[in-house]
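Presented below is the structure to which this report refers.
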Amino acid sequence: MNRPETRLPVEDLNIIVAGQGGDGSLTVINLLATVLQQSGLKVYTERDVLSRIKGGLTSATLRAFKGDRYCIGGHIDLLMAFDPDAIEKRAKQLAAGSIVIYDNSGGDIREGLLDPDVRVYGAPFARQAVKSFRRDLFKNSIGFAVAGRALGLADDFMRATFERRFARSGPQNLKYNLDALALGLALADELGMSAGHGLYEIVPTERHQRLLITGNDAAAFGFLAAGGRFFAGYPITPSTDVMEWLDKYIADFGGVVRQAEDELSAINMALGAALTGVRTMTATSGPGLSLMQEGIGQAGAAEIPLVVIDVQRGGPSTGLPTKPEQSDFDLMIFGGHGEFTRAVLAPGSTEDCFYLTALATELSQRYQMPIYVALDQALGQNSASVEPFDFSRVTVDNRPRYSAGEVAQRDIYKRYAFTENGVSPYTIPGTPDGMWLVTGNEHDEFGHVSAAPGNRKKQMDKRASKLVSMVPDLPRAGRYGDPTAKIGFIGVGLTYGTILEAMEALADHGIATQYFQPKTVWPVLDETLEFIASCDRVYVVEYNSTAQLAKLFVREGADGSKIENVLKYDGAVLQISELVAEVLSHEVAHYEREVNAA
Amino acid sequence: MTTTFTPSRPYWCAGCGDYGVLQALENGLRQLGIAAHEALVVAGIGCSGSLQNNLSCYGYHTLHGRVLPSCTGAKLANPELTVIGVGGDGDGYAIGGGHFMHTLKRNPSITYIVMNNATYGLTKGQPSPTSLNGFENNVEEDLDPVLLGLSMPGSTFLARGYTGQPAQLTRLVVEALRHAEAGKGFAYLEVLSPCVTYNDTYREWRTAVFDVEQDATYDPNDRAAVFARLLQCRAERRLPIGLLYRNEHPALESVALRKDNGPAALVDIDSALLKPRYEKLMQSLMR
Ligand SMILES: Cc1ncc(C[n+]2csc(CCOP(=O)(O)OP(=O)(O)O)c2C)c(N)n1
Ligand code: SF4
Ligand SMILES: [Mg+2]
């Protein structure tokens, strides 16, 4: 390998592992992510999969960097391909001087496909794996060794990582993987990549431990940390991880996870559980959220606390199950028949997923209503290095629940009592003399079904007033960039990292911007409208075709003429360069208009 | 003593079978000494779905068809509660039919009383899954939910009562409540509860019912024999009542919940107390 004179420190490294679905690209990326994070770098990983278990071109991408990045970069430094088709697909993204390592078991790649300055190494990973272990899957460990050498990872560092990673998969499997690693290292020698001569300076460090976690898992953890102890769900990509994470850990804390027969059952199991006082959540995506609408309305009307995570995917119908979209906001905010109170929180970073889900859990109790946490496929399933969670920032308070003692001190108890802030204290079954009637029919203060017009209006107004009284408790926006800039960005979920980097690029072009990252999407807070009012132009970046967020802001009083929509709904991830180009072209047009007018 | 809601008077038509079900349930709760504050009664949507308003227990009026998931969620969250589901045949076998099958399969220790009037009472007399072929232009065969229950391996208690035989009905309610209270699983009791207004079946059902408890040869523990007997009754247009089938199978809460855990609804979630344990879990996830 013609190696550089000095080995470079990693500043910003992008690695793709690609192959056919089931090839195990994700395993290799996860291993690399672990190693790179252990060497003190932050990492971000993304997967691009199809909704099937085997076959179809899939890939996983890893970005390792110093500083803060929340998305994949625009160029590739190292491409590892188990399938030569992946090289064809990615050829254009390869940076000058990048490395391509590929499995040539099925033949070599076409002459002239890649730029001459791309360094290409072919080796028969699959053939070796089958020959030595009778299993194709071990090609991942062989490939990992070659990629590790190219990057400059020390052999024993790789070995130690394998020992930890495969420790629990049984001694036989660990042995095979270690043997495969050794085989890969020998192959690397043959290719001229000897130990200690990789591209980068990557050394293990124990200095700073971080979590490498997905948004889904972080959200599940946030629920647990806020006292969440009951989860009912039905598997659906890309939200299933939330259920699976909780299933692993919640019982250690006295909690329960139940997989239901469908979403209708899941949401109603959740409601039944929530009535017993346990903090309850469900998580779903697109089609599941449609099925849950009646139940979420029930939570609103009957004032049952409930957290609903929607990991948005491409819709409508079955849509694009594994691709990100942000097209359920209208459903979350306006969905369900009739009018009821709900709030919608929207994380931007992986940390936000933890803190906002924890807050949603607390608020659902405090205000006795459904609270949505809106993720998207990318935020939910991509993983990022995050600082350890600060549990002291998570509040758990049993207000407004009445204990048996508190009930006993009262002459009268009414489940739906009219109160100043609209929240009626509740009791849990088992509490003597705290009995209630909870119902989604309109009801009086005791919970008796009532169609009396005066009472109806008062109960409607009471429930609606909670949306006002909760405002001080709702999370405020994250703010980034130049606070005096007249050009603003608004975006949630997976737009977060893209916007932040686009701002840097725009600053290089001499365009100052600021970014308002709303964490409460519904109700629309005054701060959102004030931000739009303070700018000359606001780019609202969202993954849908109808500008759901932008229209929401206008409906709530924002000046629509200030808003430029950046809409992405092709299932692909918005590239930083795309966003920069779009903003630049608008700004140029705007500038020309101003000059012409003058 | 604290005053809470006063149970309302039933709003059913005079002569509606549901009065008899309410009476039997009140008797059953009293006989077993189940305190009002320890029971959660979950009701569906329909004429039958107002029964919880006439008791003084904790009452939850769920969505149409969702009695069983609501009950299951509550029971799993707090197995110490007495959880009783009540609803109609439309609620339980049509819109909630899928849940019925899965609840039989899961076997949570809850009592479920279906007031079967073979019609949709509240929406004014449309055919339901248990309506006979020919009722109100119905061209489908009537469902026998007990036969469905027999085909589910997890079934542990399948019974049918008739409001025209109140003493037996109370006995069956007591048996059902006992089954669930003892943690033996899902106690399913269908009650033939005529709708005098839209499908007055008193006359037919009085002559059609066949009390298996009067038959010394009837063995409710023999699944195949019960199945054969029920098919025979069906061919003869008779309606078997009594405790029709009984079996043993682990209850959902006994296998789905961690053994040493108390009720999730009552577990201490004090964040200061648990912080070290959350930290520990986080440490195990760090790299
Ligand atoms: C989702 C939904 N669909 C339809 C209805 C209308 N609806 C109310 S009660 C009922 C049928 C009630 O029949 P059944 O369950 O047999 O109860 P009954 O009145 O006979 O006791 C229907 C269809 C509803 N409330 N919700
Ligand atoms: S309509 Fe039928 S089911 Fe409803 S209350 Fe009247 S008699 Fe009973
Ligand atoms: Mg009915």
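A short reminder: the numbers here are calculations on the coordinates, not readings from a lab. Model, not experiment: these values are computed from the prediction. All Cβ positions, glycine included, derive from the backbone under ideal geometry; neighbour counts span all protein chains shown.
For the residue pairs B:Lys105/B:Lys280; A:Lys323/B:Lys280; A:Lys462/B:Lys275; B:Lys184/B:Lys275; A:Lys42/A:Lys568, the C-alpha atoms sit more than 29 angstrom apart in B:Lys105/B:Lys280; A:Lys323/B:Lys280; A:Lys462/B:Lys275; B:Lys184/B:Lys275.
Near the amide H of A:Val278, within less than 5 Å, lie no amide hydrogens of residues on another chain or at least 5 residues away, with H placed in the peptide plane.
The loop-placed trypsin sites (Lys or Arg not before Pro) in region A:113-156, going by DSSP, that have at most 12 neighbouring Cβ atoms within 10 Å of their Cβ come out as A:Arg134, A:Arg135. Please compute the contact order of chain A in relative form: average sequence separation of alpha-carbon pairs under 8 Å and at least six residues apart, divided by the residue count, as a percent. Contact order relative to length: 11 percent. Derived scalar couplings between HN and Hα for region B:249-266 equal 6, x, 6, 3, 5, 7, 10, 8, 9, 5, 3, 7, 8, x, x, 4, 5, 10 Hz in order, rounded to whole Hz, by the Karplus curve 6.51 cos²θ - 1.76 cosθ + 1.60 (θ = phi - 60°), x for Gly and Pro. For A:Asn382, the residues 5 or more places off, or on other chains, whose built amide H falls under 5 Å of its own are A:Gly215. Legend: mean number of C-beta atoms from other chains within 10 angstrom of residue C-beta atoms, peptide B:274-282, equals 5.
Electrostatic tally near B:Ile45: other residues with Cβ closer than 13 Å to its Cβ, Lys and Arg +1, Asp and Glu -1, net -2.
In this simple spin-label approximation, A:Glu11 and B:Asp211 carry label points 7 Å from Cα along the Cα→Cβ vector, and these lie 9.2 nm apart. Under 5 Å between amide hydrogens, built in the peptide plane, is the criterion, and for B:Arg287 it picks out A:Arg210, A:Leu212 among residues at least 5 positions away or on other chains.
Backbone phi angles across region A:509-520, fed through the Karplus curve with coefficients 6.51, -1.76 and 1.60 (θ = phi - 60°), yield HN-Hα couplings of 7, x, 10, 7, 9, 9, 10, 10, 9, x, 9, 10 Hz in residue order; Gly and Pro are listed as x. Peptide A:278-286 has a mean shielding of 2, counted as Cβ atoms of other protein chains within 10 Å of each residue's Cβ.
To the nearest 0.05, what FRET efficiency results for A:Asn421 and B:Arg234 with a Förster distance of 60 Å applied to their C-beta separation? Efficiency, rounded to the nearest 0.05: 0.55. Applying the Karplus relation 6.51 cos²θ - 1.76 cosθ + 1.60 with θ = phi - 60° to region A:470-477 yields 3J(HN,Hα) values of 7, 3, x, 8, 7, x, 8, 5 Hz, where x marks Gly and Pro.
Once the C-beta distance of A:Glu88 and A:His586 is scaled by a Förster radius of 22 Å, the resulting FRET efficiency is 0.05 to the nearest 0.05.
Counting 0.36 nm for each residue step from A:Gln172 to A:Val130 and taking away their Cα separation leaves a gain of 13.5 nm. From the alpha carbon centroid of region A:551-598 to that of region A:199-261 is 36 Å.
For region A:368-442, the set of GluC sites (Glu not before Pro) satisfying both a DSSP loop assignment and a count of at most 11 other C-beta atoms within 10 Å is given as A:Glu420. Relative to one another, the C-alpha centroids of region B:40-99 and region A:113-181 are positioned 56 Å apart.
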